[in-house]
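This report concerns only the one structure given below.
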Amino acid sequence: MRSSTILTAACLILASCQPGEGCTDPTANNYDSNAVEDDGSCDNRPEFDGYTYDVVTIGEQVWFAENLQTTVYANGSGIPEVTDNIFWGNASNGARCVYENEESNLAIYGRLYNGHAVTDARKLCPNGWHVPTDEDWEELRDYITSQGLETATALKSTYGWIDDGNGTDDFGFSGVPGGSRGLNFYYAGVAGLWYSYEGRSWELWPNYTYISTSLETGSQGGISVRCLKDTE
């Protein structure tokens, strides 16, 4: 009788004596090893450097729905923070910063990275994800136009853009105007710029209806990064 009472109490505390519903995906953040039936609660958002990222599916692609803000590469090696403008311009390795070196901008815009960080073999995005190539960005652009939408308007966030430049954010990409860095900081609130692996920047501007691209940003340019899920 006593052992039965103890077992009943343990079951109430652990809620695990009778297998039931829960997350059955072992790759999910909230995997329940006791669950035998999936209840649709699995959280498959990627966790990286202590932060969980929202994601969005657009066509056949799965993107981060916010800018990267990691302080480490995928193997755990640190990415140096560079606050001095001259040191930033002379950096020969990967570097990161927050716009205007103001931590309050981190939650709004994520971090800016230079081109050395983008192409570092230790990988800037978490395992299973990558910095999108020009071809990846072109696929995103082409999918949006195939839906009869303007790429810039559809990708831009519904807030934060100057001169009534807010978008409609039709797919949840939430493109924010995070600006850039060279020998100084520029364009926060005005432009959103994101690296391709080849070193170009893919850009959203207030008065553009389409996403544009530069010929090359260069390794010293500091702009935002979005990660794209690897295909199977």
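Across segment 178-225, the number of residues qualifying as acidic (D, E) and either touching a residue at least 60 places away in the same chain (Cβ under 8 Å) or more than 18 Å from R141 (Cβ to Cβ) (or both) comes to 2.
Scanning segment 55-86 for residues that are at positive phi and free of Cβ contacts under 8 Å to residues at least 12 places away in the same chain turns up just one, G76.
Taken over segment 194-232, residues that are assigned to a loop (DSSP other than H, G, I, E, B) and within 17 Å of P126 (Cβ to Cβ) amount to 7. Of the candidates N105, N85, N127, the single residue that is among the polar types (S, T, N, Q), farther than 21 Å from S196 by Cα, assigned by TED's automatic domain parsing to the domain that holds I211 and out of contact with any helix residue (DSSP H, G or I) (no Cβ under 8 Å at 6 or more places or on another chain) is N85. Scanning segment 123-181 for residues that are closer than 28 Å to I79 by Cα, in contact with a Ser or Thr (Cβ under 8 Å, 6 or more places away or on another chain) and surrounded by fewer than 17 Cβ atoms within 10 Å (Cβ to Cβ) returns T133, D134. For segment 141-158, the condition holds for at least one residue, the condition being that it is on the phi > 0 side of the Ramachandran plot and assigned by TED's automatic domain parsing to the domain that holds F87. The sole residue among G89, G94, G59, G50 that is modelled with pLDDT of 85 or more and either among the aliphatic types (A, V, I, L, M) or in contact with a strand residue (DSSP E or B) (Cβ under 8 Å, 6 or more places away or on another chain) (or both) is G94. Among the residues making up segment 201-225, those that are within 21 Å of T151 (Cα to Cα) and either surrounded by fewer than 22 Cβ atoms within 10 Å (Cβ to Cβ) or acidic (D, E) (or both) are E203, W205, P206, N207, Y208, T209, Y210, S212, T213, S214, L215, E216.
The values are calculated or read from the model by the stated rules, or taken from the named source; none is laboratory data. Bear in mind that the values here come from a model prediction, so they are computed numbers and not experimental data. For neighbour counting, all protein chains shown are included, and Cβ atoms are generated from backbone atoms with ideal geometry for every residue, glycine included.
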